[in-house]
Amino acid sequence: VMASAVRAQESPSPFDAVSIKLNNSGEARGADVFYFPASRAVGTRVTARRIVLQAYHLTDGQLSGGPAWFDSDRFDLEAKAERPGSVPQLRQMLQIMLADRFKLVVRHETKEMPVYMLTVGKNGTKSKLLELKPGEPAPRLAPPPPGVAGNLVYRGNMRDFAETTLSLGDPSRIIGRPVVDKTGLKGDYFFAVSWAEGENFMTAVEDQLGLKFESQKTPMDTLIVDRCEKPSEN
């Protein structure tokens, strides 16, 4: 899961409408939230750091620099795209928005840092991961039982799944490191995992999916903020 620059050949479009407002509701009014509903990017009580993390799909340790207010001022953000877009496309649009509204200037630097290598667990994956053929519908699942703190249902390849683990709320609260796919599995799979309050997410993945997170160090792309200005509200 590395920072990816906006690629000129993909010609990403900016959002058609962007609303940014300073949130002064105070810490007691709820946690920060960032998510990507259909063709939108929505953040509530998010810091500029959180927006950059989402735009470049980074863990906190991959981002450094920024002014004093970068981690303290909180914003409500809603950005809409006229055409349907995938989450990677919406992230690219966020990068454009940050350059335009926050005057964000960043540079990339490769650093060796702790990561999790996603590997096949000792129990294998044949009985735990359902491989889907092209066009085959995903199975229907019953609602999660009471007491479930988190639930991830996902269809995609292993690299997508490794990156999706960073989308579970604030990355630093659940994973905290980049996740790199080293399973060698090439198919399209159906992932369904749930975990209880206080349960370790990575342990749940190993028990329920047969995949394991192995701690290692490897060179990774990191981002340094050289410039960021407070946006005008609208």
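The values are calculated or read from the model by the stated rules, or taken from the named source; none is laboratory data. Bear in mind the structure is a predicted one, so any value in this text is a computation, not a measurement. A quick note on method: Cβ atoms are made from the backbone with ideal geometry, for glycine too, and the neighbour counts reach across all protein chains shown. Just so you know, the surface numbers come from the protein's heavy atoms only, side chains and all, with ligands and any DNA or RNA stripped out. Shrake-Rupley method; radii C 1.70, N 1.55, O 1.52, S 1.80 Å.
Data overview
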| item | result |
| --- | --- |
| Residue, nearest to ILE175 (Cα to Cα), within the stretch 104-122, restricted to residues that are in contact with a helix residue (DSSP H, G or I) (Cβ under 9 Å, 6 or more places away or on another chain) and not hydrophobic (A, V, I, L, M, F, W, C) | TYR116 |
| The one condition in (1) within 25 Å of the chain's Cα centre (by Cα); (2) under 26 Å from GLY198 (Cα atoms) that GLY156 fails to fulfil | (2) |
| Any hit, the stretch 180-200, residues being modelled with pLDDT under 85 and of a type in the set (Asp, Glu) | yes |
| Wholly within the stretch 136-226, strands (runs of 3 or more DSSP E) carrying at least 3 residues that are basic (Lys, Arg) and loosely packed, with under 15 Cβ neighbours inside 10 Å | none |
| Scope the stretch 96-111; condition of a type outside the set (Phe, Trp, Tyr) and within 20 Å of TRP69 (Cβ to Cβ); matching residues | MET97, LEU98, ALA99, ASP100, ARG101, LYS103, LEU104, VAL105, VAL106 |
| Where a residue in the stretch 111-122 is at negative phi and assigned to a loop (DSSP other than H, G, I, E, B) and its partner, wherever it lies, is open to solvent by less than 20 Å² (accessible area, probe 1.4 Å) and not aliphatic (A, V, I, L, M), with Cβ under 9 Å and at least six apart | GLY121/GLY210; LYS122/GLY210 |
| Single residue of the stretch 33-53 satisfying the filter (part of a loop (DSSP other than H, G, I, E, B) and surrounded by fewer than 16 Cβ atoms within 10 Å (Cβ to Cβ)) that is modelled with the highest pLDDT | PRO37 |
| Check on LYS103, outside any strand (DSSP E or B) and within 21 Å of LEU185 (Cβ to Cβ) | no |
| Selection status of SER19, over 26 Å from ARG177 (Cα atoms), part of a loop (DSSP other than H, G, I, E, B) and either open to solvent by 40 Å² or more (accessible area, probe 1.4 Å) or touching a residue at least 40 places away in the same chain (Cβ under 8 Å) (or both) | no |
| Cβ-Cβ under 7 Å pairs, at least 6 apart or on other chains, the stretch 31-42 side over 14 Å from LYS80 (Cβ atoms), far side open to solvent by less than 20 Å² (accessible area, probe 1.4 Å) and of a type in the set (D, E, K, R) | ASP32/ARG45; ASP32/ARG50; PHE34/ARG50 |
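For every residue, the table says whether it meets (1) among the hydroxyl-bearing types (Ser, Thr, Tyr); (2) more than 27 Å from SER39 (Cβ to Cβ); (3) surrounded by fewer than 18 Cβ atoms within 10 Å (Cβ to Cβ); (4) at pLDDT 95 or above.
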site: GLN62; (1), (2), (3), (4): no, no, no, no
site: PRO67; (1), (2), (3), (4): no, yes, yes, yes
site: ASP71; (1), (2), (3), (4): no, yes, yes, no
site: ALA79; (1), (2), (3), (4): no, no, no, yes
site: VAL87; (1), (2), (3), (4): no, no, yes, no
site: GLN95; (1), (2), (3), (4): no, no, no, yes
site: TYR116; (1), (2), (3), (4): yes, yes, no, no
site: LYS133; (1), (2), (3), (4): no, yes, yes, no
